[in-house]
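The values are calculated or read from the model by the stated rules, or taken from the named source; none is laboratory data. Computed from a predicted structure; not experimentally measured. Note that each Cβ is placed from the backbone with ideal geometry, even for glycine, and that neighbours are counted across all protein chains shown.
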Amino acid sequence: MDVIVHDNQDSDADDKRCRPWDAVSKLNTYELIGDRERQPSGSSMVLEERPPFYVTPYSLFLAKRFPKFLPLAEKTVVDFGVGCGIQSVVAAKYGARKVIGIDIHPEALTLSDRNMRRNGHKSFLAINAETENWSSPPEKVDYIVSNPSSLPALYPLEATYGAGCHGTDMLEKLYGFSYAVLRSSGALMFVHTSLVDLEWSLGKLRQLGFAVGIVETMPLAFRDFYAPMLPHWKELRTQGKAFWFEKNGQNYEILYLLKAERATARKE
């Protein structure tokens, strides 16, 4: 499945009246190409994006691929770290019965709810992970999808990217959450960068009783804002906790799409 992006700065009058961030927000139309027979509500979606909640190469990598591996029709799906809501909208377009968005930022929850409604989907539950008991949603869920914050960074950049010095802070929360709320037949699908220790993640998930594997990979050229974090990453690489490769003078990380499933059934 491919995604085509069209810029669209126009919005209806009601949106403009209730949006305090008009000067920095932007509407983009995303066209999902492929598997159209499995998209009950159509293949295109319009997403409002605003700083810092954008569609990124990481989130597109996930959105383009996870419907191929999860039968979403009539399922309950959690979007962990919902951001602008792209994974939530994709899950709904593929027939999810209910989508639950979890984030620590109230602005992200508001934005993702607006994007769900903008695309005609009302069965959305927003949970603030800072103020609500996010580890115990009202029901067990079938699937969790996530593009977690995972860029390793030292202070003060650590506060910006929210992943800790090894990039594992949000990943560890994601793994524990998945263990707590997934049905025995459930699955977690998420993006993992080679800039974070992959063996650490695989070991953590297996300790929790998940069978986990890499289902797809994609090289991604380093982006400009990586520059101040590169010295720290070089130190992690010497420790075997980060990996990237160079080609034609350009550094590339590798994005992994991981699928973790219950290795054994657990009593609901």
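Identify, by number, the condition in (1) at pLDDT below 95; (2) out of contact with any helix residue (DSSP H, G or I) (no Cβ under 9 Å at 6 or more places or on another chain); (3) of a type outside the set (A, V, I, L, M, F, W, C) that D142 doesn't meet.
Every listed condition holds for D142 apart from (1).
Could you identify the single residue in F80, F53 that is of a type outside the set (G, A, S) and modelled with pLDDT under 95?
F53
State whether one or more residues within segment 247-265 are touching a strand residue (DSSP E or B) at 6+ places or on another chain (Cβ under 9 Å), part of a loop (DSSP other than H, G, I, E, B) and modelled with pLDDT of 95 or more.
no
Kindly list the number of the only condition in (1) among the hydroxyl-bearing types (S, T, Y); (2) assigned to a helix (DSSP H, G or I); (3) surrounded by fewer than 22 Cβ atoms within 10 Å (Cβ to Cβ) that fails for S185.
(2)
Would you mind stating whether K68 is surrounded by fewer than 18 Cβ atoms within 10 Å (Cβ to Cβ), in contact (Cβ under 8 Å) with a residue 40 or more places away in the chain and in a helix (DSSP H, G or I)?
Here the answer is yes, as K68 does meet what is asked.
Given the residues V191, V196, which is the only one that is among the β-branched types (V, I, T) and assigned to a loop (DSSP other than H, G, I, E, B)?
It is V196.
Identify all residues within segment 199-241 that are among the polar types (S, T, N, Q) and either in a helix (DSSP H, G or I) or buried (at least 19 other Cβ atoms within 10 Å of the Cβ) (or both); write none if there are none.
Correct list: S201, Q207, T238.
Residues being without any contact (Cβ under 8 Å) to a residue 40 or more places away in the chain, more than 13 Å from the chain's Cα centre (by Cα) and part of a strand (DSSP E or B): count how many of those fall in segment 76-132.
6
Kindly provide the set of residues from segment 94-122 that are charged (D, E, K, R) and surrounded by 24 or more Cβ atoms within 10 Å (Cβ to Cβ), ordered by number.
D103
For segment 87-105, enumerate the residues that are touching an Asp or Glu at 6+ places or on another chain (Cβ under 6 Å), over 15 Å from L70 (Cβ atoms) and not β-branched (V, I, T).
Residue satisfying the conditions is G101 alone.
Could you please find all residues in segment 93-139 being of a type in the set (D, E, K, R) and touching a helix residue (DSSP H, G or I) at 6+ places or on another chain (Cβ under 6 Å)?
The answer is D103, and nothing else.
For segment 164-171, does any single residue satisfy the condition of being out of contact with any Asp or Glu (no Cβ under 7 Å at 6 or more places or on another chain), closer than 30 Å to E48 by Cα, part of a helix (DSSP H, G or I) and touching a residue at least 40 places away in the same chain (Cβ under 8 Å)?
yes
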